[in-house]
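Structure record follows, encoded as structure tokens.
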Amino acid sequence: MGEMIQLTTEDGHLLAAYQATPKETPKGGIVIVQEIFGITDHIRRVTDQYAKHGYLAIAPSLFDRVRPDIVLDYSNIDEGRSIMMGLDQNQVVTDIKASVGAAQKAGKVAVIGYCWGGAIADLAACRLEIDAAVAYYGRMIVDWLDEQPRCPTIYHFGAKDPLIPQDVIEKISHARADNPSYVYADAGHGFNCDEREDFEPVSAKLALDRTLEFLGRVL
């Protein structure tokens, strides 16, 4: 279903992206924002999943600013975090902007991200002209709580997430009070990823159902 494409950003950077196209006329566009492990098989499957639900879905390779084709094993957290921390946040937003532009040929666009990507989805909602955003367990959102999303946004958190304790979830939820936050009692960090130990299928299914309902309303 999917294929690799190349995007050009407004600062002239070339980055790869995985694009999945629905069989029928798209309902809209979705930009999928990776975790700190690159465009993994899981991220490709997530992108394919949204295409199966009728959306043109694009997952940009945000680590291409460092070097092309970085895909890490889920046990290689330290390297992924090191690469992520070395990226210029403004350039990441620029890369998301280029991805949004590519997805806009399908109509309205949502940005959906996971872990680091969840935080970037929220940042995109604050800084870019998009139509919706969905942030899965984005811990770094606390770094820009003084900014506000400019589009409808929803948040998914795991109650058992050691990286985002309850007080942090409450802080984010309070700062984003105009946008719903969902907390899943049996879920930890990365609960949507079926390649990680924290995968929690019941919570993942409920979060997806809520996300699809949300997208159906706003796109």
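Values quoted throughout were computed directly from the atomic coordinates according to the rules given, and no laboratory measurement underlies them. Since we're looking at a predicted model, the values are computed, not measured. We place every Cβ from the backbone using ideal geometry, glycine too, and count neighbours over all the protein chains shown.
Observations on the structure shown:
- Residue-wise HN-Hα couplings along the stretch 24-38, as the Karplus relation 6.51 cos²θ - 1.76 cosθ + 1.60 with θ = phi - 60° gives them from phi, are 9, 4, x, 6, x, x, 9, 9, 9, 9, 5, 7, 8, 10, x Hz; Gly and Pro carry x.
- For the stretch 103-117, the Karplus equation 6.51 cos²θ - 1.76 cosθ + 1.60, evaluated at θ = phi - 60°, returns couplings of 6, 5, 5, 9, x, 5, 10, 10, 10, 10, x, 10, 6, 3, x Hz by residue, with Gly and Pro reported as x.
- Full extension of the chain between Glu3 and Leu163 yields a length gain of 54.3 nm, computed as 0.36 nm times the residue separation minus the alpha carbon distance.
- Considering only Val109, Gln49, Gln91, and ranking their Cα positions along the charge dipole of the stretch 29-116 that arises from unit charges at the beta-carbon of Lys, Arg, Asp and Glu, the one farthest toward the positive end is Val109.
- In a simple Cβ point-charge model (Lys, Arg +1; Asp, Glu -1; nothing else charged), the chain has a dipole of about 680 debye relative to its Cα centre.
- Once the C-beta distance of Ser82 and Asp194 is scaled by a Förster radius of 30 Å, the resulting FRET efficiency is 0.75 to the nearest 0.05.
- Amide H contacts for Ile30 (H built 1.01 Å from N in the peptide plane; partners 5 or more residues away or on another chain; cut-off under 5 Å): Leu56, Ala57, Ile58, Ala110.
- Annotated for the chain: lysine pairs at least 8 residues apart or interchain, Cα distance under 19 Å, count 13.
- The chain: relative contact order in percent, alpha carbon pairs under 8 Å with at least 6 residues between: 16 percent
- Taking the DSSP bridge list for the chain and keeping only pairs wholly inside it, about 35 percent are antiparallel.
- Cα gyration tensor, the chain - rounded (a/c under 1.5), prolate or oblate: rounded
- The length gained by stretching the chain between His53 and Ser75 to full extension, at 0.36 nm per residue less their Cα-Cα distance, is 4.9 nm.
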